Amino acid sequence: MAPYSQLSFLLTVLLIFGALCVTSKVQIQSSSERQSASSNTGSTGESTSNSSASITTVPIVTWKWHHVETPYLVALWILVCWLCKLMAQLNSKLKSFFPESALLIISGFILGGIVWGADKAQTFKLVPRNFFYFLLPQIILDTGYFMPNKLFFSNLGAILVHAVIGTCWNAAAVGISLWGCYLGGAMGNLQIGLLQFLLFGSLLAAVDPVAVIAVFEEVHVNEVLFIWVFGESLLNDGVTVVLYNVFDAFVSLGGEKINAGEIIKGIVSFFVVAFGGSLIGVVFAILISLLTKYTGKVQIIEAGFIFVLGYLSYLTAEMLSLSAILSVTFCGVCCQKYVNANMDEKSVTAVRYAMKVFANGSETMIFVFLGVTAIDTDIWVWNTGFILLTLLFVLVYRFMGVFFLTWILNRYRLVPIELIDQIVMSFGGLRGAVAYGLAASLDETRIKEKNLMITTTLIVVYFTVILQGLTMKPLVKWLKVKRVSPTELKLIEKVNNRAFEHILAAMEDISGRIGDNWWTRGWKRFEDTYITWFLMKPEARKNRDYLFSIFHKLNLEDAINYVTEAEKRGSLAFLNQTDGTIVNFEKKLRFSGVMPDIMSELDFGNNNVQPTSVIQDTVPSVSLNIHEHEMKRMNEDFNAHHLLQQHLYRSRKNHRHKYSRSNFSINQSEDEVQEIFQRTMRSRLESFKSAKMGVTPAKKITKHPKKDPNHKMSNGKTTDKSKKHPYGDEDFEFSEADSAYSGDGGATGGSSQRRGTYTMGGVENPAFMPEMDTPPPPWVTEAEADTSVAPSQGAQRYLPWSPRNLHRLAPLRISDRSTDSFLMADAPATEESSEESPQQPSQRDGTHM
Amino acid sequence: MGSTNSTLSKIPNAGDLMQETGFSPAHIVRLYDRYKALDKDKKGHLCPQDFGAIKELAMNPISDRIIGAFFSSGQEVLDFPSFVRILAHFRPVDKNRPKDPNSPEHINSRSNKLKFIFQLYDQDKDGKISRQELLQVLRTMLEKQVTEEQLESIADRTIQEADLDRDDAISFDEFRKSMEKVNIEHKMSIRFLR
């Protein structure tokens, strides 16, 4: 594995470099009596000859390590942590049975060992402040923002029961049991009382969302189980922090002063903190939604508002000593829908990716640092009884709590949670960085055994994340837990889901019961009338039908696949083939001068798309893991851009390398746009003429093209704004409208899709037809275009997607959906396809079912 | 249980009905009360107008289809057993209930649930969901902002996804196949009060 060894080499070099920096720093540190690791001044020891304390000559270059030290170390650590993740991902053999989080912790051990070896002390630790202020918020925001809302709210009751009651139970049971054992003499002599034990129990009660997601995302359990575990872990973090604070207050108050009044205060503060935090989150969600109604003007930083306000919601709640985690969770959960509707599609994408970068990045760092922190002799205090008993109790009470609560909940559930699911849920009680963070922020003056607690917490964390994480996959397999079968988006399912909602609501009405569907519907109605009015842009309101957006998304995917397919076959020129003969790749390639990497892609032929990529493409709907899925699409998108730019207009391309801080427009000269536009128009006019004799007469010509494109093709919007809108040409407007509705409109639908995606010409088209006929691409020469224009029935027999080509190509496909839809698009028309059709059902069965 | 039993004895064929539908006695009694409440004029049967009087149901976009499902093949009246049988489609699937090898499938089985949805679409009862039929349902279910053209293309695409034999319509088999991945047992169930 070449990249792997290269990477490990790179990492080693970096580590040595980092260690050198650190060593030099520490040497200085010890001499200059600085205390804080982050604010010390730097080294002159390794400076180049020119730098010295007193300047005698003008230095040309100086070595100014101390100037950059802190940010440099931070950046270096980030880099190293991310490289660890990369290594973990590259090593597929290890990855198949090790969860990534465990691998990261282990690499943290190694890194910590190196640092310790160099410094003879652990200079780097996960400081609670950094953890809670800089690493945690984005992770929680990310989980909230990508929370599958419907699933979450429909299971909210169960989640709350587990998160609140379950957590309290865990904290109390662990604390009291440990205390009992302590009294029984199981752990020797410790300076520790009941309250401290309860405090310890409460900090250990939190199931960590970071660890849980990291493990559960890899095993793809069914969605109800996933949302239970995940929702619980997210909310109980908040609960734990609250509980921790209450007990912390009790501890500092001292055992004697606690009376019934104080306990009641504690309980009240528990609820105030939890609900207050959630409320702050909702308020900020409303703020974000309102703000994004108007941020269209500064579209380039639009995405940033989400992060800033999300972070502010965290800090605000913290400032008011309310639960910050709950605040940022609910902020994300509540704002997602309106934000996505209000913002431009590009900004939405930007938010999604940036969110994932931040969250994954800091998650990686947390795990690595959990490992690094362990390599430190200072914190290790061993007490066998205490540690083993804690481990035992944490495990046992988790199981007991889950079983008992689920047993109660099952009495009220439509579909009971099965025993197997309960086992997995209990087993998924992974503790993580939050527990460590809380343990590390204990006050040593009040809690004498702080180090023992940290040690124990770390061991519990390692035990759960590494051992339980490791055994989770086999366990899930062995117990045959119902998994999410990777499904792809299907319109028919979504349509039926909508029908189910209505049917169920109707049945509840008829059977005279006020049930979940009644609440859902009531909320939906309220939301439709008031909330969306308040929080959504008017134009976003129009466009928000869910089914339609699914449809839109599917079409976009198809369009992308269509072009990808075309490129794989050599060049886009194949679109003009009239008789379906096979393209001579070689010739086309040489002719258009496509880059060598495209060549190599073609050389591999059928086996270049590995089955894994197909699997990765179908991420289950509840998975929060968008990045693989989306990345691929981005890539394809980008490739196409690149190709188009490189090869289409080479002859007259005058690169105006334009830098704009607020715009992403591809540098495309005005002439080009005009030319593409005119060509398209000409070909469309042709197609219109030919179609006129054909099938359907042109439908409503008026007004649609004006109205529709704006909300449908939001992709093309921005480029249009920055330029002169092609529609400005009065002459063309009519023909555009005409051709859009001519015939079955299929051709124009297809081509507008593609153009929208690549923002080629900014020509938009309202017709959204699933049939992908032969759209005359804007870039073909005029003569070619004339041969292939008509989208009428008659012309359809010459589709390039005739089955003969298709079944050759089938293994290359990324998603079989496009195969289907293309195949079916041909269906009504051609004789050719009917000749070939016997082969298709089998193929489709293979890919589809 | 005393009151339940006494009410139960008033319901004709209650025992058979429970056997057939799997409802508990408490369910049956409750549904019987509901049935009588819906039957405002005390005529002993229900007619479509009785359903139309349910306020919430009237706001349901596909209410007429759902009401139509209760009145199969031109009948204008609905008696209590039929009422219960229709509702029994929506009972959650229970694993423990023994299945008679010689009796037909339970009413609330997966395929019966699917059949129920299918016939909501298939208004002319030709065993196929035609493009036109799908379009009608979509038109009622989707929000007003979606234009007719968009509706048509959504309908086309939906049919394409399911249509295996390319007759531009969805047969029941095709329908079942297309819904294979969907957890119908879960999604087509409501809780009935005991």
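Bear in mind these aren't lab numbers, they're just calculated from the coordinates by the rules spelled out. Treat the numbers as computed from the prediction; the structure is a model and nothing was measured. All Cβ positions, glycine included, derive from the backbone under ideal geometry; neighbour counts span all protein chains shown.
Shown is the FRET efficiency for A:LEU470 and B:ASP41, computed with R0 = 56 Å from the Cβ-Cβ distance and rounded to the nearest 0.05: 0.25.
Checking the table A:LYS490/B:LYS181; A:LYS524/B:LYS113; A:LYS337/A:LYS553; A:LYS120/A:LYS448 against a 18 Å threshold on Cα-Cα, which pairs fail?
Values: A:LYS490/B:LYS181 10 Å; A:LYS524/B:LYS113 25 Å; A:LYS337/A:LYS553 16 Å; A:LYS120/A:LYS448 25 Å.
Flagged as over cut-off: A:LYS524/B:LYS113; A:LYS120/A:LYS448.
Using the 10 angstrom Cβ neighbour count as an exposure proxy, how do A:LEU178, A:LEU190 rank, fewest first? The partial results should precede the final answer.
Values: A:LEU178 28, A:LEU190 15.
Fewest-to-most ranking of A:LEU178, A:LEU190: A:LEU190, A:LEU178.
Ranked by the mean number of other Cβ atoms within 10 Å per residue, highest first, peptides A:208-217, A:132-141 order as A:208-217, A:132-141.
Once both labels are positioned 7 Å from their Cα atoms along Cα-to-Cβ, the gap between B:ASP16 and A:THR70 label points is 8.5 nm.
Helix-only estimate, please: 222 nm mean residue ellipticity of chain B, summing -39500 (n - 2.57) across DSSP H runs of length 4 or more and dividing by its residues, to the nearest 500.
Numbers: 12 runs with 106 residues, N = 194.
The per-residue figure over chain B is -15500 deg cm²/dmol.
Place a label point 7 angstrom from the Cα of A:ALA121 along the Cα-to-Cβ direction, then list the residues of the range A:71-96 whose backbone nitrogen is under 15 Å away. No residues fall inside that zone.
Shielding of peptide B:176-186 by partners, expressed as the average count of other chain Cβ atoms within 10 Å per residue Cβ, is 4. Working from label points 7 Å from Cα in the Cα-to-Cβ sense, the A:PHE275 to A:ARG411 distance is 2.5 nm.
Within 10 Å of the Cβ of each residue in B:162-172, the mean number of Cβ atoms contributed by other protein chains is 3. With the highest mean first, a sort of the peptides B:151-164, A:456-469, A:522-535, A:341-354 on other beta-carbon atoms found within 10 angstrom per residue produces B:151-164, A:456-469, A:341-354, A:522-535. For B:ILE129, nonlocal amide neighbours, meaning residues 5 or more places apart or on other chains whose placed amide H falls under 5 Å from its own, are B:ILE170, B:SER171.
Counting only other chain Cβ atoms within 10 Å of each residue's Cβ, the peptide B:52-61 averages 4.
What ranking do A:SER549, A:SER233, A:SER92 get, fewest neighbouring Cβ atoms within 10 angstrom at the top? All intermediate terms of the calculation are to be shown ahead of the outcome.
Details: A:SER549 14, A:SER233 28, A:SER92 10.
Least crowded to most crowded, the residues run A:SER92, A:SER549, A:SER233.
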